[in-house]
């Protein structure tokens, strides 16, 4: 059986706005690089979440603020219609979709 490696994902209807480091890391493939000292992006600082907790949460908060400013209330109304399918796929459905 072939294995499909998918990035960390969340269902669109989850309206993912992480408020804690655990929530951020649970549903996202987080990348954070020091472009001054590591311009080739070889060392992902997010792989040391406790060491870079403050910076990760600062960047997460900025992203959440931008999302709120651009989208407003995250009620899902910004999602375009997807005729014949649903946005709210389970992990099993997503794996099947990727196989097909």
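Which FRET efficiency value, to the nearest 0.05, do you get for residue 68 and residue 99 by plugging their Cβ-Cβ distance into 1/(1 + (r/R0)^6) with R0 = 35 Å?
0.45
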So how far apart, in nm, are the two label points at residue 34 and residue 51 if each is 7 Å from Cα heading toward Cβ? 0.8
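What shape does the range 18-69 take by its C-alpha gyration tensor, where a ≥ b ≥ c are the square roots of the eigenvalues and a/c under 1.5 counts as rounded, a/b above b/c as prolate, and the rest as oblate?
prolate
Any read-out appearing in this document is the output of simple, stated calculations on the displayed coordinates, not a laboratory observation. Since we're looking at a predicted model, the values are computed, not measured. Positions of Cβ are backbone-derived with ideal geometry, glycine not excepted, and every protein chain shown enters the neighbour counts.
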